[in-house]
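Participant: Supplied in structure tokens, the structure appears directly below.
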Amino acid sequence: MAVVWGWELQLDCGVCNPESIRDPHTIEAFARDLVNAIDMKAYGDPMVVHFGTENKMGFTLVQLIETSNITAHFSEDTSSAFINVFSCKPFDKLIVKEVVKNYFEPEIVLMNFIERVIPEL
């Protein structure tokens, strides 16, 4: 029997608001609000960096939390966002989705929620 160690939410967001995914201040505010909304504790400030090549250019977000991390990449070329929340503390995936919608206004959101387990022999 596998032991659940944590939960991971993956959101693939299409047709996002192009202005919001290109604004580092919006992305930083999103990280701070999301941490609070899902009752996590930030470990340091969010890191928001703009980089990439050709059609992969955009901001990437890394926010460490006491129980793991929140990461995201925002593709300027496709107006897409790829957001992950991983934590060994339970959280509400629908709250995450709602915060994402409020900040980035995606027309399409694909959601994958998985339990991460400790492998056993």
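Participant: Show which lysines lie in cross-link reach of K41 when reach means a straight Cα distance below 27 angstrom and same-chain residues fewer than eight apart are skipped.
Facilitator: List returned: K89, K93, K97, K101.
Participant: Give the residues of region 1-28 whose amide nitrogen is closer than 17 Å to a point set 7 Å from the Cα of M111 in the direction of its Cβ.
Facilitator: Taking a point 7 Å out along Cα→Cβ of M111, the residues of region 1-28 whose backbone N falls under 17 Å are 7-14.
Participant: Which value, in debye to the nearest 20, describes the size of the charge dipole of the chain about its Cα centre when Lys and Arg Cβ atoms bear +1, Asp and Glu Cβ atoms bear -1, and nothing else is charged?
Facilitator: My answer is approximately 240 debye.
Participant: So what is the 222 nm mean residue ellipticity for the chain from helices alone, if each DSSP H run of at least 4 adds -39500 (n - 2.57) and you divide by all residues, rounding to the nearest 500 deg cm²/dmol?
Facilitator: Helix contribution divided over all residues of the chain: -7500 deg cm²/dmol.
All of the numbers you see were taken from the coordinates with simple rules; none came from a lab. Please read these numbers as outputs of a predicted model, since none were measured by experiment. No Cβ is skipped: glycine too gets one built from the backbone with ideal geometry, and neighbour counts run over all protein chains shown.
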